[in-house]
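Notes for the one structure printed next.
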Amino acid sequence: MKKHLGASGLLFSLLVLCTVFAGGVYGAGPIVIGVPTSTGFVEGKEGLAIVHMAVEEINGKGGVQVGSERRMLAVESIDIRDAAPGVPVPEALLGIEKIILEKKPTALVIGPFRSEALLAGMDIIAKYKVPMIGTIAMTPASEEKIKSDPDKYKYIFRTCLNAKYLVTYLVGVMAFVNKEFGFDKVYIMNQDVAWARATADLITKNYFNKTGWTVVGHEAYPTGTSDFSSALMKIRSGGAQVILPIFDMPQSGILVKQWNSMRVPAMLAGFISPLAGPGAWKTFDQKIGGAVNVNFELGSAIASQKVPKSVDFFASYEKKFGKPMEAGHGPAPTYESVYILAEAIERAGSLDPDAIAAEIKKTDRIGVMGRIRFDDGHQAVFGMDPNEAAVACVFQWSEQGDRINVFPQSIADGKITLPSGLKSAK
Amino acid sequence: MFAGTVLYALINSVILLLMAIGFNLTFGISGVSNFAYGALYIMAAFATWMLMNLVGLPYFLSAILSILFTALVGALMYRFIIMRVRGQVLSEVIATFGIGLAILEFFRYLGFVGIEYSLPVFLDHSFIIAGTYVDMQRILIVVSSVVLILLLWLFIHHTSIGLAFRGIAQDERTALTFGMDSDYIAMLSVSIGAGLAAIAATVIVPLGTISVGEGYEVLLNALAVCIIGGLGSTGGVIVASLFVGFAQRFTDTYIGSHWTMIVSLVAILLVLVIKPSGLYGKQKELEERI
């Protein structure tokens with residue numbers, strides 16, 4: 001009987017040990033960062049590459065300290081395709097839910113492209129209580145939603161520029177060309193998606209209508225549009241001096257080529273994603289001299305010597321992947337988001353989503369795009385000085401193929417110059 | 001403004017025609033709905049890009065090789081996949097759509113995403129026509145389309161293979177009794193259709209950049225034009241291209257650009273309601289339904 005009791009005791013002890021050991025191994029497993037995004041677009045493709053880059057850097061330094069143990073980070077991604085024309089929002093939401101349920105991520109980064117998908121996806125994020133730091137979708141409506149129910153949506157943050165901040169940078173550009181060259185006639189061309197519509201409406205209402213500009217025309221183009229000749233003819237006949245494009249679709253490159261080939265006598269100043277990176281000079285046959293583009297975050301395919309971390313980031317990417325970064329929206333905030341997340345986990349000392357979300361909110365970090373802090377709507381604060389806030393970067397393509405930073409003043413290396421062939425209205 | 005709109009509407013129509021002509025030819029001869037058509041278009045563009053940038057071949061040689069390669073892929077696709085399901089329309093559609101999906105997603109998987117994937121224009125110059133600037137590439141698209149249509153007409157009407165094409169298109173069983181190999185002719189029709197997709201890509205892609213998503217757009221455009229014109233009817237495709245092309249540009253100019261995308265869809269709906277077989281379609285069974 002004693003023998004049996006002894007054997008049973010030994011067996012029980014072994015079982016307990018195995019359970020504890022197994023639990024220990026599970027506990028020491030990697031912390032999964034989920035990346036649901038549109039990997040078929042350059043912003044998503046480079047964003048995912050940058051998540052891997054940041055994770056490798058963090059793991060190379062020993063990983064993340066969670067309480068008393070060090071844990072490595074791991075990346076799981078899914079292509080939710082929401083940036084592609086015709087892909088319905090529910091399909092993107094299914095992708096977000098799938099990665100949450102199947103990969104059990106501790107947190108998500110990048111997130112949806114389309115603001116429509118973000119707004120709808122916020123309820124899924126809240127339901128599963130997975131902190132998410134978004135770096136692409138830009139509608140300010142998400143901030144209002146967070147403010148309307150802070151407890152429910154406390155897991156959702158954004159490190160990239162939003163449409164309201166984008167307008168402040170565009171206003172800076174428009175005010176400059178108005179003051180320097182006397183331009184006051186603009187033609188607005190935007191992609192027919194939430195963030196671009198919001199940007200066009202905000203700048204029209206808050207700036208053009210109040211400062212005496214004439215909006216010669218305003219066209220909204222469905223994603224996938226591949227001919228802009230009608231608007232370009234209207235621009236010529238209407239005498240617009242500035243074209244304000246707001247596009248993140250690859251087909252907007254056609255607009256650049258048509259602007260060139262149709263010899264439209266107006267300055268291109270806004271955001272066209274294919275114009276953001278250094279490769280645009282070759283893609284557009286060296287004919288984009290004078291075009292002004294807002295890269296949504298410093299570090300996203302553009303660096304400033306005045307913010308050395310942005311230069312290091314740009315160089316590290318090129319060294320690791322063998323070619324320069326091309327996406328003017330997403331890369332820098334994505335890189336920062338991984339670090340923000342890692343730091344928040346360390347401060348929280350656990351993987352509890354509420355604790356992580358609370359720590360993310362307390363972020364105060366100087367990184368590649370300047371200083372990052374979050375406001376009440378969980379939006380990273382953008383400003384004009386990288387020591388005080390995150391910054392976007394407006395640059396102008398020179399006739400020699402260089403990109404000259406022109407705004408904000410704190411990171412500018414030059415001023416906007418009149419493109420060749422255009423005359424000042426002063 | 002009006003003259004400029006007409007000019008760009010004409011160019012738009014020709015672009016639509018070029019996009020659709022290969023799809024239409026394949027369907028008209030063999031009855032195969034090649035839903036991999038858009039993917040073949042993108043594959044040809046990427047093949048040209050790779051030959052230029054990775055192998056270092058000159059542009060024209062790269063373009064010719066990629067056209068031949070795409071035509072070969074079309075032939076192999078027929079020989080090893082479509083031939084096994086030919087005649088079963090749903091199976092054909094599923095098989096070809098699956099192939100197209102595989103091709104496009106394979107390029108996406110390989111990382112063919114970004115603005116560096118573009119092709120150069122043949123001649124970098126702009127002209128003023130009717131008071132509107134038009135670039136040489138668009139003029140070239142119009143000229144090459146006219147030449148292509150003429151060559152196709154000559155090929156179909158003045159060569160023995162063209163005669164066989166027409167024979168199979170008119171009545172496959174009767175053609176078989178005359179010793180025509182219908183599978184061989186169908187393979188050629190898929191192959192030539194794929195080659196035409198490649199030619200379209202070679203001249204149209206330099207207007208923008210190559211993106212995987214464009215493959216789906218090309219397929220939708222081709223389908224829209226062919227359905228409106230009447231599947232298999234070359235004359236119908238020409239008329240439908242003009243109709244859709246002009247409607248799109250005039251909507252863009254005088255109504256609003258955000259309505260442009262639905263023009264072709266509305267046209268399809270109208271045609272299906274009024275004349276289900278298309279403007280020049282000859283499918284009696286469809287006509288008899290209304």
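If you check A:PRO265 against the conditions, is it outside any strand (DSSP E or B) and within 20 Å of the chain's Cα centre (by Cα)?
Values: outside any strand (DSSP E or B): yes; within 20 Å of the chain's Cα centre (by Cα): no.
No: the conditions fail for A:PRO265.
Among the residues of region A:270-277, some residue qualifies, meaning at least one is in contact (Cβ under 8 Å) with a residue 12 or more places away in the chain, within 20 Å of B:ILE204 (Cα to Cα) and at the interface with another protein chain (Cβ under 10 Å from one of its Cβ atoms). Applying the set (1) within 14 Å of another protein chain (Cβ to nearest Cβ); (2) within 15 Å of A:ILE50 (Cα to Cα); (3) touching an Asp or Glu at 6+ places or on another chain (Cβ under 9 Å) to A:GLU318 leaves exactly one unmet item: (3). Reported count of residues in region B:152-208, each being outside any helix (DSSP H, G or I) and at pLDDT 90 or above, is 1. Determine whether region A:233-241 contains at least one residue that is in a loop (DSSP other than H, G, I, E, B) and under 30 Å from B:ASN53 (Cα atoms). No, region A:233-241 has no match at all. Taken as a whole, the structure places A:VAL87 among residues that are of a type in the set (A, V, I, L, M, F, W, C), free of Cβ contacts under 8 Å to residues at least 24 places away in the same chain and within 14 Å of chain B (Cβ to nearest Cβ). B:PHE122 - would you say it is more than 18 Å from the chain's Cα centre (by Cα), closer than 30 Å to A:LYS282 by Cα and aromatic (Phe, Trp, Tyr)? Answer is yes for this residue.
Report whether or not B:TYR109 is closer than 30 Å to A:GLU43 by Cα, out of contact with any Gly (no Cβ under 7 Å at 6 or more places or on another chain), touching a residue at least 24 places away in the same chain (Cβ under 8 Å) and within 14 Å of chain A (Cβ to nearest Cβ). So B:TYR109 fails the test.
Can you report the number of residues in region B:30-45 which are surrounded by fewer than 24 Cβ atoms within 10 Å (Cβ to Cβ) and over 14 Å from the mean Cα position of the chain (by Cα)?
Result for region B:30-45: 1.
Scanning region B:233-251 for residues that are over 21 Å from B:PHE27 (Cα atoms) and in contact with a Phe, Trp or Tyr (Cβ under 8 Å, 6 or more places away or on another chain), we see that the one that is surrounded by the fewest Cβ atoms within 10 Å (Cβ to Cβ) is B:THR251. Screening region A:225-240 for residues that are crowded, with 24+ Cβ neighbours inside 10 Å and more than 10 Å from chain B (Cβ to nearest Cβ) and picking the one that is farthest from B:PHE127 (Cα to Cα) gives A:ALA240. For region A:244-260, a tally of residues being more than 14 Å from chain B (Cβ to nearest Cβ) and either surrounded by fewer than 20 Cβ atoms within 10 Å (Cβ to Cβ) or β-branched (Val, Ile, Thr) (or both) returns 0. Given the criteria touching a residue at least 24 places away in the same chain (Cβ under 8 Å), of a type outside the set (Gly, Ala, Ser), buried (at least 16 other Cβ atoms within 10 Å of the Cβ) and over 18 Å from A:ARG158 (Cα atoms), does A:ILE411 qualify? Taking the combined requirement at face value, the residue satisfies it.
The values are calculated or read from the model by the stated rules, or taken from the named source; none is laboratory data. Values in this document were obtained by computation on a predicted structure and should not be read as measured data. Cβ sites come from the backbone with ideal geometry, for glycine too, and all protein chains shown count toward neighbours.
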